[in-house]
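Here's the structure, in structure tokens; my notes come after.
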Amino acid sequence: MVRRSIVAGCGAYLPDRIVTNQDLARDLDTSDEWITQRTGIRERRIAAEGQTTADLATAAAQRALEAAGIGADDLDMIVLATATPDETFPATATRVQAALGMTRGAAFDVHAVCSGFIYGLNIADNFIRVGQAEKVLVIGAETFSRLLDWTDRTTCVLFGDGAGAVVLTAAEGKGDSGDRGVLSSHIHSDGRHHDLLYVDGGPSSTRTVGHLRMSGREVFRHAVTKMADVLGESLAANGLCASDIDWLVPHQANRRILDATAQKLGLAPERVVVTVDRHANTSAASIPLALAEAVADGRIQRGDLIVMEAMGGGFTWGASLVRW
Ligand code: UT7
């Protein structure tokens with residue numbers, strides 16, 4: 001028998017405030033037509049004044065714990081993926097830990113920007129596989145609205161705020177691709193691409209928070225090829241092929257990237273979980289937000305093969321294969 005981690009429950013939280021493309025076009029030289037055609041985004045959620053990443057993460061975590069039927073004190077670990085922490089230190093995960101009333105175990109942040117949830121899932125899965133943890137909460141939570149230059153139309157229209165979470169618990173499997181749980185995760189980075197997607201600030205460089213800067217067209221080009229590569233890698237590692245996939249739950253950056261990825265896999269568009277139209281790009285939160293939606297509305301069923309994939313600043317990229 002092989003030790004695996006299964007997803008015992010998932011949950012999500014979105015701030016109440018909806019900002020549409022038309023809202024943005026009132027103060028910015030942009031249009032609903034441009035944003036919709038180039039990205040598929042129609043609206044995004046923006047956190048309220050004073051509402052922080054930890055607040056969003058805690059709300060998503062509570063829903064995931066409820067879905068899993070697990071109390072916060074049963075957790076051994078919280079892994080929080082975020083590029084928008086409440087403070088430079090301590091880790092936002094420790095704020096979530098306190099808010100949940102969890103007084104044991106360990107809580108820490110993972111920083112891989114848009115790939116953060118895949119990195120977090122990989123780390124949590126490994127802790128469970130080696131027997132160092134039984135129950136781990138993995139959260140992706142962001143308040144990207146705080147990092148945006150709201151005068152830069154090439155970036156500010158693309159992002160939103162939100163959080164999603166999953167609870168992983170230890171289980172035994174046969175060790176083949178028919179097992180329930182995380183079959184494998186594959187993470188990569190290549191720091192040479194720093195200048196294509198970064199924030200121009202930080203405590204050690206400018207002592208400011210900074211703003212997000214992106215060369216969109218180049219990032220797009222890399223995203224399509226890197227996602228296809230890592231998807232191929234994850235399927236090959238499990239002896240599976242694209243036709244085995246029931247659901248692609250991708251990082252939601254741009255509808256055109258999702259369509260291109262599905263096309264490369266020969267996957268029907270209705271097999272791709274899409275939230276980018278309503279959430280925009282929520283960085284590390286986008287995959288667990290999409291996952292929670294497709295589980296809640298009954299699309300994802302027990303036994304389905306789910307492929308999650310992401311690419312972001314660094315560059316970082318990765319994929320996880322999960323048998324639901
Ligand atoms: O999550 C991390 C990973 N991030 C991504 O995967 C993002 C990848 N990149 C993209 O999604 C796309 O490249 C963008 C949506 C960012 C941009 O779309 P594009 O088709 O690559 O447009 P572009 O950057 O080539 O810009 C085309 C034109 C430019 O005008 P000129 O130079 O042709 O006159 C831009 O100035 O569109 C202009 N433009 C806009 N126009 C109206 C850029 N942003 C806007 C805007 N409204 N908001």
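The values are calculated or read from the model by the stated rules, or taken from the named source; none is laboratory data. Here the structure is a predicted model, which is why all the values come from computation and not from measurement. Note that we place each Cβ from the backbone using ideal geometry, even for glycine, and neighbour counts take in every protein chain shown. To get the accessible areas, we keep the full protein, side chains included, count just its heavy atoms, and leave off ligands, DNA and RNA. Shrake-Rupley method; radii C 1.70, N 1.55, O 1.52, S 1.80 Å.
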Please go through (1) buried (at least 20 other Cβ atoms within 10 Å of the Cβ); (2) among the small types (Gly, Ala, Ser); (3) more than 27 Å from residue 212 (Cβ to Cβ) for residue 93 and return the number of the only condition it doesn't satisfy. (3)
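Could you list, in sequence order, the residues of the stretch 198-210 that are open to solvent by 40 Å² or more (accessible area, probe 1.4 Å) and either free of Cβ contacts under 8 Å to residues at least 24 places away in the same chain or within 13 Å of residue 83 (Cβ to Cβ) (or both)?
Answer for the stretch 198-210, where residues must be open to solvent by 40 Å² or more (accessible area, probe 1.4 Å) and either free of Cβ contacts under 8 Å to residues at least 24 places away in the same chain or within 13 Å of residue 83 (Cβ to Cβ) (or both): 198, 199, 200, 204, 205, 206, 207, 208, 209.
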Could you tell me whether residue 177 is among the polar types (S, T, N, Q) and open to solvent by less than 60 Å² (accessible area, probe 1.4 Å)? yes
Of all residues being of a type outside the set (A, V, I, L, M, F, W, C) and near the ligand (Cβ under 9 Å from one of its atoms) in the stretch 34-46, which is farthest from residue 254 (Cα to Cα)? Just the residue, please. 37
Cβ contacts < 8 Å: first residue more than 15 Å from residue 318 (Cα to Cα), restricted to the stretch 109-134; second residue of a type in the set (Gly, Ala, Ser) and within 16 Å of the ligand (Cβ to nearest atom), any location; separation 6+ or different chain. Result? 109/81
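Being outside any helix (DSSP H, G or I), in contact with a Leu (Cβ under 7 Å, 6 or more places away or on another chain), at pLDDT 95 or above and open to solvent by 10 Å² or more (accessible area, probe 1.4 Å) is the requirement here; does residue 86 meet it?
Details: outside any helix (DSSP H, G or I): yes; in contact with a Leu (Cβ under 7 Å, 6 or more places away or on another chain): no; at pLDDT 95 or above: yes; open to solvent by 10 Å² or more (accessible area, probe 1.4 Å): yes.
For residue 86, the condition - outside any helix (DSSP H, G or I), in contact with a Leu (Cβ under 7 Å, 6 or more places away or on another chain), at pLDDT 95 or above and open to solvent by 10 Å² or more (accessible area, probe 1.4 Å) - is not met.
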Given (1) open to solvent by 40 Å² or more (accessible area, probe 1.4 Å); (2) part of a loop (DSSP other than H, G, I, E, B), index of the condition residue 70 fails: (1)
